[in-house]
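Only the coordinates and a few stated rules stand behind these numbers; no lab work does. Because the structure is a prediction, the values reported are computed rather than measured. Positions of Cβ are backbone-derived with ideal geometry, glycine not excepted, and every protein chain shown enters the neighbour counts.
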Amino acid sequence: MESVLTPSFIVYLKTVGLLIASNLFMTFAWYGHLKNMSGKHWIIAALVSWGIALFEYLIQVPANRIGYAGGITLAQLKITQEVITLSLFVPFSIVYMKQEFKWDFVWAGLCLVGAVYFMFRK
């Protein structure tokens, strides 16, 4: 019986784990200021967002380098990032930003399932 923890699977797990962490930072950098800094001048919000985004890039760049060096194609990295983005954005918008659930989130997710299929098929 062959182990599921092949080197390529481990590379993908590392890449996805780092991309999840980086996307958490980026979601707050892009949208958190709408809740937390709505009364502040936009330049203050931009500077705070840039500070948060720095941490995102310190995680995202190694994630993409690990994945690309490990055999994940550029297109596969991009679609993986988009799936992670939507997967984190929906709970963020509902729980943190108190936005209403919309079925469009589900339909967009299903479209991404199709995109994943096309990017990862052999």
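A few notes on this one:
- Relative contact order (percent, whole number), segment 7-120, Cα cutoff 8 Å, 6+ residue spacing: 33 percent
- Helix 42-69 vs. the chain, principal-axis angle (Cα, 0 to 90°, nearest 10): 0 degrees
- Pairwise label distance in nanometres, residue 98 with residue 46, each label 7 Å out on the Cα-Cβ vector: 2.8 nm
- Nearest 10 degrees, 0 to 90: helix 103-120 Cα axis against the chain principal axis: 30 degrees
- Diffusion coefficient (Stokes-Einstein, Kirkwood radius over C-alpha pairs, 20 °C, 1.002 mPa s) for the chain: 134 µm²/s, rounded to a whole number.
- Helix axis angle, 7-27 relative to the chain longest principal axis, alpha carbon, degrees: 10 degrees
- Per-residue Cβ neighbour rank within 10 angstrom, fewest leading, 122, 40: 122, 40
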